[in-house]
Each structure stands twice: as structure tokens, then as C-alpha cells.
Amino acid sequence: MYIKKLYLFIMLFIEKSYIQLYITAMSNGQLIDIDARTVRDWLQRGEAVLVDVREAEEYAEERIPGTLPYPLSRFDPHGLPGEPGKKTVLTCFIGGRSAQAAEQLIAAGHAQAFQLDGGLFAWKEAGFATEA
């Protein structure tokens, strides 16, 4: 158990560093990290759509209820699922891949991209439900 937590901590640190590089690189747009509680509130109020950019196998294993799958390996910022008038929030396991997807959105002309800060890991740490 200790090794697993240590591994997750190290991965979180690496992915957070990766995100900071992307934030610095995005001069025309803005990556906005949204905490799990705010994302949950937006979803409950029907204000947002949550898009999971993990691969199909990961998505099938465990996901946040109501997320839409859109793997990074096939990510096209022009085909992003969502609904008019709702915020689109990107997520993955801890934030690295959603930051990459956000970079693609911003490069495609989006002024801002929202991501679930800490991804599925943070969602679970906040005590929120997942499904398989």
C-alpha cells in the first residue's frame, strides 16, 4: 500500500510539473484548473460536460459518472464532444494528458480550457463516486 501511494505521489508530481510547462507554453490561451468539488457542482447544476481523455481500457476500468470518453490518442479539438452553453472540462487520471488535450484546444483557437485539477485521482480523494 505504501509503495502504491508513493508511486501515485511521484506520478502526481511529475504530471503537475508537466502541466506547468504547458501553462507556460500557452501564450494565446489559458489552462484553468478546476477543483473536484467545483466540477461536481457544475455537473450537478448542468453547467458542464466532463470529457475523459484516457484510453478506452482505462475508461472502462473506472471513471467519473457521466463523463464522455474521448481518448487523447484520437483527440481532435474540432470534434470535442460537448453541449452549447456548457463548460467543457477535460480530465484524465492526474492531469498530464488532459493538459496535453488543453494545449491542442488552445492551439486550435479556444481562449481557455478547463481541466479537473488532479483528475480522477483528486475526484476519488475528495470522496466522490466512480463507476466501472
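Bear in mind that the values in this text are calculations on the coordinates, not laboratory data. Since the structure is predicted, the reported quantities are computational estimates derived from the model, not experimental observations. Every residue, glycine among them, receives a Cβ derived from its backbone with ideal geometry; neighbour counts consider all protein chains shown.
Modelled spin labels at Gln30 and Leu68, positioned 7 Å past Cα toward Cβ, are 2.4 nm from each other. Of the trypsin sites (Lys or Arg not before Pro) found in region 65-132, those in coil by DSSP whose Cβ has at most 16 other Cβ atoms within 10 Å are Lys86.
Cut-off is 10 Å between beta-carbons; in what order do Val49, Val39 appear when sorted fewest neighbours first? Please list the in-between numbers first.
Numbers: Val49 18, Val39 25.
Going from sparsest to densest Cβ surroundings: Val49, Val39.
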